[in-house]
Amino acid sequence: VLPNIYRIEVPLPRNPLRAINSYVIKGDDRVLIVDTGMNRDECLSALSSGLREVGVDLDKADFFITHMHADHSGLVSSLATPRSTIYCSQVDGDVINDVDRRRLREDGESFTRLNGFPEDEYKKAMSNHPGYAYSTRSRLDLHFLEEGETMNVGDYSFECIETPGHTKGHRCL
């Protein structure tokens, strides 16, 4: 894209969006990976291949997750190492770390019950929903970024910008 900034297309199998773009910003000591794709073998294979191609050492990688949806955050728990810092908003980070999705499930069950949707059908539908099926598998140690905070990677300086709408905690750099 620019010197030391790379775009890796990560496929989203059986999804109308077809793919997401993951970005890699290489610095002298650290690398920042923006978004990861779903927690699926196909996504892991494509992203891992792209990371190898641009020479990323995951022990030197940090992650910026733009928002909570599994197609952007799902693989981070598989890729981050104990030396990684994972950045996102607190609002979306709280949802990402609700690994069993208890809060969302309870809200959804209440809504569907009020609207006459059979509870067993709701549970079956939600267990197959990509947002649940391909999300992170463990709680993450997250670093929350706020509006206006800056992040320096190599020759680049990025400002965190709140862009709520797609999700409440959506962030851009």
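The values are calculated or read from the model by the stated rules, or taken from the named source; none is laboratory data. Keep in mind the model is a prediction, meaning the values are calculated, not measured. Here the Cβ positions follow ideal geometry from the backbone for every residue, glycine too, while neighbour counts run over all protein chains shown. Ligands, DNA and RNA are stripped out before the accessible areas are found, and what is left, the full protein with its side chains, is counted by its heavy atoms. Shrake-Rupley method; radii C 1.70, N 1.55, O 1.52, S 1.80 Å.
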Report, in cubic angstrom per residue, the convex hull volume of the C-alpha atoms of the stretch 1-78. 83 Å³
Once the piece of chain linking residue 162 and residue 7 is laid out straight, how much longer is it, given 0.36 nm per residue of separation minus the C-alpha distance between them? 53.6 nm
More than 29 angstrom apart: percent of Cα pairs within the chain: 21 percent
Quick one: helix 41-53 against the long Cα principal axis of the chain, what's the angle to the nearest 10°, folded into 0 to 90? 10 degrees
For residue 21 and residue 123 in one chain, what is 0.36 nm times their gap in residues minus the Cα-Cα distance, to one decimal in nm? 33.6 nm
Once you charge only the Cβ atoms, +1 for Lys and Arg and -1 for Asp and Glu, what is the size of the charge dipole of the chain about its Cα centre, to the nearest 20 debye? 520 debye
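Add -39500 (n - 2.57) for each DSSP H run of 4 or more in the chain, then divide by its residues: what number comes out at 222 nm, to the nearest 500 deg cm²/dmol?
-8500 deg cm²/dmol
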The simple spin-label model distance between residue 83 and residue 60, using points 7 Å out along Cα→Cβ, in nm, is 0.9 nm
Probe 1.4 Å, accessible area per residue of the chain, Å²: 55 Å²
